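Reviewing the structure listed below.
The values are calculated or read from the model by the stated rules, or taken from the named source; none is laboratory data. Nothing here was measured: the structure is a model prediction, and the numbers come from that model. Cβ: placed from backbone, ideal geometry, glycine included. Neighbour counts: every protein chain shown.
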Amino acid sequence: MASRITSGARLCVRASIDRLVCNLSRNRHHNAVTTGVETAAVRRSSDRLLQCYQKQLNRIRSDHQRNHCRRYTTLQDTDTDSLSSIDPYRLLDDDLRDVYTDITRELELNTNQDELRTIATYYFDGQGKALRPMVAILMAHAINYHMNNNGLDKKQREVAMIAEMIHSASLIHDDVIDQSDFRRGKPSVNALWSHKKVAMAGDYILAVTSMMIARLNHNDVTITLSQIITDLVQGEFMQLGSKETENERFAHYLTKTYRKTASLIANSVKAEAMLAGADDQLVDVSFEYGRNIGLAFQLVDDLLDFVSSKDAMGKPTAADLKLGLATAPVLFACEKYPELNAMIMRRFQEPGDAERAFELVHKSQGLEQTRFLAKKHCLEATRLAGKIAESPYQKSLLVVPDLIVNRMK
């Protein structure tokens, strides 16, 4: 293949930037819980992780500079023809067909408030990408096949529903925080109902998911799925702040991205593997696959915010800059245009900041570097899927990274 991926790009580094940052955060959090203070040992460990992070960031930039002129459309070096005809959504048609109907039923059964039902079910109209339930059910089937289990367990399907419900609850809360007025090609809940009612509807969805998690009757799965909500809240708090230096800023962005987006996919597929009775190694493979898919998805989403249209995305573009958020394309662009640093610190609030930042991102290689980083995470997800026994579902797991990196909305 003329556009064959180089060995540098094909190297799937387990200790990737975001994992280092997450490990750093985990170490500090664990120490704070157990001792209440950050010990010198933990500080030294954190410093080492940040040094590794800087090396990884430099490596990505170096790799990109060597390879940015190359173009490749597939993520696998072998057997691409056999994967090109695979459609994960078609494969899972029976499993996904009634997901939104069943979610709506759960939400309607647990309240007698008509308006609350209407708001809570507003985004479950089948217009979303259904990426999260698709990946969760796909992993459940793949692990079941690997473990010689029979078919999809009811609890595994409920995990997929829970994942989509938590995601939609976070969208509702985002609409309130960001004061959005357009999502998925229609007016947002925030534009139709009061902030108070919308916020309570988001809380209600999370309350119903909590009951569904309890029904699974599996302690480890309960802890794993509860972690998603913990991460979401922390990610939202992180999004409200920024960091002074370039290195701290990128680490902050990647940790926030993991908590707001990747944790949901990673922990939901981890829960699927647990319910299948997988061993710790296979559970970890599932988690890491979901983590890389989630990070790649958000990186591409941040890229599309600069290059796609409102009609294609179903929501306003360049929205992050208008909200004062510096995502990967901007952070990469800072290297060539340091004037962006001052704009980031003032959250693009001065007149002309957002427009100037948008222009500089397009003049830099920020978009190319962001896509390159997304592809690295997709390559790692592909490698991890190769550890699962071959089946139609495992092959679909190999296809998902291509869907992520080549999506247009």
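Among residues of the range 249-299 being polar (S, T, N, Q) and farther than 22 Å from Asp402 by Cα, the one that is surrounded by the fewest Cβ atoms within 10 Å (Cβ to Cβ) is Gln281. Within the range 342-363, the set of residues being more than 21 Å from Asn406 (Cα to Cα) and not charged (D, E, K, R) comprises Ala342, Met343, Ile344, Met345, Phe348, Gln349, Pro351, Gly352, Ala354, Ala357, Phe358, Leu360. Selection of the range 225-246 for residues being of a type in the set (D, E, K, R) and within 15 Å of the chain's Cα centre (by Cα) yields Asp231, Glu236.
In the set (1) more than 21 Å from the chain's Cα centre (by Cα); (2) at positive phi; (3) surrounded by 15 or more Cβ atoms within 10 Å (Cβ to Cβ), the condition left unmet by Arg184 is number (1).
Restricting attention to the range 202-222, does a residue exist that is buried (at least 21 other Cβ atoms within 10 Å of the Cβ), part of a helix (DSSP H, G or I) and out of contact with any Leu (no Cβ under 9 Å at 6 or more places or on another chain)? Checking the range 202-222: not a single residue is buried (at least 21 other Cβ atoms within 10 Å of the Cβ), part of a helix (DSSP H, G or I) and out of contact with any Leu (no Cβ under 9 Å at 6 or more places or on another chain). Restricting attention to the range 123-181, the residues being among the charged types (D, E, K, R), without any contact (Cβ under 8 Å) to a residue 40 or more places away in the chain and surrounded by 22 or more Cβ atoms within 10 Å (Cβ to Cβ) number 1.
Being of a type in the set (Gly, Ala, Ser), touching a residue at least 24 places away in the same chain (Cβ under 8 Å) and within 25 Å of Ala273 (Cβ to Cβ) is the filter here; which residues of the range 197-245 pass it? Within the range 197-245, Gly235 is the sole residue that qualifies. The number of residues in the range 239-262 that are of a type in the set (A, V, I, L, M), part of a helix (DSSP H, G or I) and closer than 12 Å to Ala326 by Cα comes to 1.
A search for C-beta distances below 8 Å between a residue of the range 82-95 that is touching a residue at least 12 places away in the same chain (Cβ under 8 Å) and any residue that is aromatic (Phe, Trp, Tyr) and outside any loop (DSSP other than H, G, I, E, B), counting only pairs 6+ apart in sequence or on different chains, returns Leu91/Tyr393.
Given the options Glu288, Glu335, name the one that is among the acidic types (Asp, Glu), assigned to a loop (DSSP other than H, G, I, E, B) and modelled with pLDDT of 90 or more. Criteria check complete, one pass: Glu335.
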